[in-house]
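This report refers to the structure that appears directly beneath it.
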Amino acid sequence: MDSTTKWLIRGASVVVIAVGGTGIFTMINLLNKSQSGSSEILEMITNPGTATSKGNSCSPGFAYVGNGYCREVICENALARSNHPLLGGKKWRCKPWAADSFVLDVGTQMRIGNNQACPSGEPEIGWTSTCEAPYQEPPKSQRAQGRRR
């Protein structure tokens, strides 16, 4: 092996070690944050046999639909339909675009999670978490927007 190849291998080794070290420091920093309680943690409940009373929060953009499940809130073209009954009159809205109008509907489903910063218990149907109690419909300008499909 000539000296140029040796130096290239040494340089590549230094880069690999530096990148690995940076990753380790990042993981340690995240671990320290989670242990100090300075960041919000959303624990996902993936075991269908787990009691649903343990969950209190859906992921952002999802609404609680009952039985330990959340569904994504989406906006679909109205086509003579109205908002999904679980979502109408809650915190959600669809922003009109050009001449089209949209209605709220539900999309993909996932298990509810647990946010330690929110009160325990189940959220009301159509809301994201127990942090939103007392579950009053906000003004239109402050409502969360569904994802346009």
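A short reminder: the numbers here are calculations on the coordinates, not readings from a lab. Note that the coordinates shown come from a computational prediction; the quantities given were computed from them, not determined experimentally. Virtual Cβ from ideal backbone geometry, glycine too; neighbours counted across all protein chains shown.
Given their separation in residues at 0.36 nm each and the Cα-Cα distance between them, Ser120 and Ser13 gain 33.6 nm when the chain is fully extended.
Using R₀ = 30 Å, calculate the FRET efficiency as 1/(1 + (r/R₀)^6) where r is the Cβ-Cβ separation of Ser101 and Ser59; round to 0.05. Intermediate values should be presented prior to the final figure.
Numbers: r = 27 Å, r/R0 = 0.89.
The pair Ser101/Ser59 has a calculated efficiency of 0.65.
Note on Glu76 and Gln136: their simple-model spin labels are 3.3 nm apart, each label 7 Å out from Cα toward Cβ.
Spin-label model, Asn67/Thr4: points 7 Å from Cα along the beta carbon direction are separated by 6.8 nm.
Under a Cβ-Cβ cut-off of 11 Å, what is the net charge of the residues other than Ser59 that fall near it, where Lys and Arg count +1 and Asp and Glu count -1?
Working: positive: Arg71, Arg111; negative: Glu72.
Surrounding charge for Ser59 is +1.
Of the DSSP beta bridges with both residues in the range 42-148, give the percent that are antiparallel, rounding to the nearest 5. Of all bridge pairs located within the range 42-148, approximately 80 percent are antiparallel.
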